[in-house]
Amino acid sequence: MSPIRSTTIAALASVVLAGTLIGCSFGTEEAAASPIVIAADLELSGAAAPVGKAYQRALELKVEQLNSSGALGGRRIELKVKDNRSDASESLRNIGDFSSDGQVSAIIMGGCNECAIGAVRTINEKKIPTIALATSGAVSSPVADRRYVFKLGPNAADSAAALASELARKGIRKVALLHSADDYGREGLTALQREFGKSGIKSVREAAVRITDTDVSQPVRTLTSRKPDALIVWTPPEQAMLAAAAAQQVGFSGSLYFDAGAAGDLFLGESAKATERATLIFTQTMVIDDVIATTPAKAARRQWFQDYTARFGGYNGASSFAADAVQLIADAQMRAGGPADRVNRDGIRDVLETSQLDGLSGPIRMTPDNHSGLMPQALTTLVARNGRWRLAG
């Protein structure tokens with residue numbers, strides 16, 4: 001069966017209720033056939049392009065799957081994508097254009113923290129529901145100032161707790177930390193220091209790198225000179241691989257640990273040797289081919305993994321967040337109701353705020369007090385073996 005024709009179990013299950021509401025929410029065939037327009041502001045060029053393109057592939061695949069499933073009651077999703085060039089100013093212009101388009105139901109933003117945080121005011125003023133795939137907690141918090149902004153993806157506190165737990169389990173007591181010099185990196189530093197205090201782990205040194213840096217060898221050399229038991233890398237994926245290579249080059253013999261924000265491609269390619277036996281905190285979907293599908297949710301994740309790898313020849317960990325964002329918006333649109341001649345953005349926002357989904361990324365729960373939906377139990381421990389990530393254990 002081709003990936004286009006294949007429909008994940010999660011997609012079907014989550015729209016069953018929505019399908020039953022079509023008749024009462026939309027009174028005419030014309031209304032039922034109106035498209036669900038989702039806009040996407042992504043980093044398709046510039047420093048963050050690799051992740052942005054992974055998001056685009058995932059969005060397109062998920063839209064195809066939902067459209068071919070018949071689960072939308074005769075409606076179809078249309079995807080409008082703009083490149084923000086990894087630039088917050090360009091992203092803000094895109095958000096302005098999308099929000100002025102009366103056909104657009106909601107926006108999905110990519111992994112750029114600065115872009116998402118910089119657009120908060122415009123998103124709220126234009127009252128357009130937006131799901132950001134960026135990692136910083138400041139994207140969706142405080143909720144009172146971000147009523148129309150939601151976030152998918154790991155949270156710093158959850159990733160730090162899982163990392164500290166794994167370090168303690170391995171008996172590691174002395175670490176060094178390389179983190180990005182942005183909101184998420186600073187959140188990670190604070191969260192790790194808090195967790196280390198609970199676990200009796202000592203950080204002998206920390207160093208920050210700009211997310212645009214293409215050479216991290218000097219800070220890695222400085223960090224490893226203290227001979228820590230482990231080097232923690234809390235950076236975007238490309239920098240994480242650079243850090244692993246730099247650690248290998250200086251002969252670092254300790255362990256490597258990556259936080260969830262460092263997850264990228266399943267297959268490690270040229271970084272295979274430098275990352276062998278490294279540990280990554282991430283979602284189970286990244287290695288779902290190692291997992292027995294004992295529940296419908298796990299079966300759906302395995303199907304998504306297979307469809308994505310069949311289409312693109314590999315797997316990127318970030319893809320499931322983008323797919324779940326599409327699912328959440330489609331479900332919210334179907335349930336929001338409202339006049340047939342216009343998009344009910346306020347209704348979509350209200351539904352998103354109480355959404356619950358056993359998603360491709362893991363369990364997702366939004367509440368009026370918490371717009372960052374990925375639950376802590378979605379995270380697990382992975383290890384690099386023979387050039388790819390595997391489930392630890």
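Odds and ends about this structure:
- Candidate set from the range 284-308 (those that are touching a helix residue (DSSP H, G or I) at 6+ places or on another chain (Cβ under 7 Å) and acidic (Asp, Glu)); member that is farthest from LYS53 (Cα to Cα): ASP289
- All strands (runs of 3 or more DSSP E) inside the range 202-305 with 2 or more residues being open to solvent by 10 Å² or more (accessible area, probe 1.4 Å) and over 23 Å from ARG385 (Cα atoms): 202-209
- Across the range 371-393, the qualifying residues are those that are part of a loop (DSSP other than H, G, I, E, B) and over 19 Å from the mean Cα position of the chain (by Cα), and the one among them that is modelled with the lowest pLDDT is GLY393.
- As for the range 377-385, it holds at least one residue that is farther than 23 Å from ASP158 by Cα, open to solvent by 10 Å² or more (accessible area, probe 1.4 Å), out of contact with any Ser or Thr (no Cβ under 6 Å at 6 or more places or on another chain) and not aliphatic (A, V, I, L, M).
- Filtered residues of the range 350-370 (kept if closer than 22 Å to THR135 by Cβ, over 14 Å from the mean Cα position of the chain (by Cα) and open to solvent by less than 40 Å² (accessible area, probe 1.4 Å)): LEU352, GLU353, SER355, LEU357, MET366
- Qualifying position, being farther than 15 Å from ALA48 by Cβ and at pLDDT 95 or above, among ASN94, ASN84, ASN67: ASN67
- Hits in the range 79-97 - residues which are under 22 Å from ALA58 (Cβ atoms) and among the polar types (S, T, N, Q): ASN84, SER86, SER91, ASN94
- Taking the criterion of being under 17 Å from ALA263 (Cα atoms) and touching a helix residue (DSSP H, G or I) at 6+ places or on another chain (Cβ under 6 Å), the residues of the range 309-327 that qualify are TYR315, ASN316, GLY317, ALA318, SER319, SER320, ALA322, ALA323.
- Comparison of LYS174, LYS151, LYS126, LYS170 shows that the only residue that is open to solvent by 40 Å² or more (accessible area, probe 1.4 Å), of a type outside the set (A, V, I, L, M) and within 21 Å of VAL81 (Cα to Cα) is LYS126.
- Looking only at the range 307-330, and only at residues there that are in contact (Cβ under 8 Å) with a residue 60 or more places away in the chain and open to solvent by 20 Å² or more (accessible area, probe 1.4 Å), the one that is farthest from SER99 (Cα to Cα): ALA310
- Residue within the range 93-111 that is open to solvent by less than 40 Å² (accessible area, probe 1.4 Å), free of Cβ contacts under 8 Å to residues at least 12 places away in the same chain and not small (Gly, Ala, Ser) present: no
- Within the range 27-40, one or more residues are at pLDDT 95 or above and either small (Gly, Ala, Ser) or not in a strand (DSSP E or B) (or both).
- Against the list (1) under 25 Å from the mean Cα position of the chain (by Cα); (2) at pLDDT 50 or above; (3) open to solvent by less than 50 Å² (accessible area, probe 1.4 Å); (4) among the aliphatic types (A, V, I, L, M), the condition ALA10 fails is (2).
- GLN327 being farther than 23 Å from MET366 by Cα, polar (S, T, N, Q) and part of a helix (DSSP H, G or I): no
- Sole exception among (1) open to solvent by less than 30 Å² (accessible area, probe 1.4 Å); (2) part of a helix (DSSP H, G or I); (3) among the β-branched types (Val, Ile, Thr) for THR190, by number: (1)
- Residue list for the range 98-140, restricted to those being among the hydroxyl-bearing types (Ser, Thr, Tyr) and either touching a strand residue (DSSP E or B) at 6+ places or on another chain (Cβ under 7 Å) or part of a strand (DSSP E or B) (or both): SER105, THR130, SER140
- The test for being over 25 Å from THR285 (Cβ atoms), touching a strand residue (DSSP E or B) at 6+ places or on another chain (Cβ under 9 Å) and either open to solvent by less than 20 Å² (accessible area, probe 1.4 Å) or modelled with pLDDT under 95 (or both) does not hold for ARG345.
The values are calculated or read from the model by the stated rules, or taken from the named source; none is laboratory data. From a predicted model like this one, the values you see are computed outputs, not experimental measurements. We place every Cβ from the backbone using ideal geometry, glycine too, and count neighbours over all the protein chains shown. For accessibility, only protein heavy atoms count, side chains too; no ligands or nucleic acids. Shrake-Rupley method; radii C 1.70, N 1.55, O 1.52, S 1.80 Å.
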